[in-house]
Amino acid sequence: MTHEEVASLLDRRFTALSIRDIATLMTVHAVDGVVDSPLGGHAKGPEAIRKVYEAWLASFPDAEFEAEPPIVDGDRVAQATMVHGTDMGGFMGLPPTGKKFAMPMVFLLTMQDGKILHERRVYDFTGLLIQLGVLKAKPA
């Protein structure tokens, strides 16, 4: 894929995230695709990946992403983003806290045949839990 094709696909994904369009989100992943994330664990295949998106959007229905331009090297892509949202749906069996968060994320992607074959989401899960009041930080 060219840099422009990758950028277009990722723009389509973030647009779909912003309007909560799960069907479009699923079109950017390969049929045998994988998503690895702290919140969703290891998700392989369309149904598992769909559940990761649904869980994220249910937990943080107002989440907004500010994506930087992707860095493309052949079939490997990295993209930094900042996500802001509110814990309104609860997650991982925890009740919603109603607290806002801001969290940097990095997406590390492997592309194949115009789709995302593998996606690794990297973010500070502990920092998120502290912002939401689920964990208490020890003063320095």
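The values are calculated or read from the model by the stated rules, or taken from the named source; none is laboratory data. Keep in mind that this is a model prediction, so the values were computed, not measured. Every residue, glycine among them, receives a Cβ derived from its backbone with ideal geometry; neighbour counts consider all protein chains shown.
Could you count how many residues in region 1-47 are more than 22 Å from residue 61 (Cα to Cα), without any contact (Cβ under 8 Å) to a residue 40 or more places away in the chain, assigned to a helix (DSSP H, G or I) and not acidic (Asp, Glu)?
Matching residues across region 1-47 total 1.
Quick one: how many residues across region 43-69 are in contact with a strand residue (DSSP E or B) (Cβ under 9 Å, 6 or more places away or on another chain) and either closer than 15 Å to residue 92 by Cβ or of a type in the set (Phe, Trp, Tyr) (or both)?
First, pick out the residues of region 43-69 that are in contact with a strand residue (DSSP E or B) (Cβ under 9 Å, 6 or more places away or on another chain): 43-46, 48-53, 56, 59-69.
Cutting the leftovers down to either closer than 15 Å to residue 92 by Cβ or of a type in the set (Phe, Trp, Tyr) (or both) gives us 43, 51-53, 56, 59-60, 65.
Going through region 43-69 one residue at a time, the tally reaches 8.
Just a yes or no: is a residue in region 110-123 touching a Phe, Trp or Tyr at 6+ places or on another chain (Cβ under 9 Å) and hydroxyl-bearing (Ser, Thr, Tyr)?
No, the conditions are met nowhere in region 110-123.
Conditions first: (1) assigned to a loop (DSSP other than H, G, I, E, B); (2) buried (at least 16 other Cβ atoms within 10 Å of the Cβ). Residue 52 passes all but one, so which condition is the exception?
The failed condition is (1).
If you go through region 66-101 one residue at a time, how many are more than 16 Å from residue 18 (Cα to Cα) and in a strand (DSSP E or B)?
Residues that pass the stated criteria total 10.
Out of all the residues in region 113-128, is one or more closer than 15 Å to residue 37 by Cα, polar (S, T, N, Q) and in a helix (DSSP H, G or I)?
Yes, region 113-128 has at least one match.
So, in region 76-96, how many residues would count as being loosely packed, with under 14 Cβ neighbours inside 10 Å and either closer than 18 Å to residue 116 by Cβ or touching a residue at least 40 places away in the same chain (Cβ under 8 Å) (or both)?
3
When you go through (1) hydrophobic (A, V, I, L, M, F, W, C); (2) at positive phi; (3) free of Cβ contacts under 8 Å to residues at least 24 places away in the same chain one by one for residue 130, which number turns out not to apply?
(2)
Please identify the pairs in which a residue from region 48-65 that is farther than 13 Å from residue 101 by Cβ and of a type in the set (Val, Ile, Thr) has its Cβ atom under 6 Å from the Cβ atom of a residue that is modelled with pLDDT under 95 and not in a helix (DSSP H, G or I), counting only partners at least 6 apart or on another chain.
Going by the 6 Å Cβ cut-off, the qualifying pairs are 52/40.
Given 35, 72, 77, which one is out of contact with any strand residue (DSSP E or B) (no Cβ under 7 Å at 6 or more places or on another chain) and at pLDDT 95 or above?
After applying the criteria, what remains is 72.
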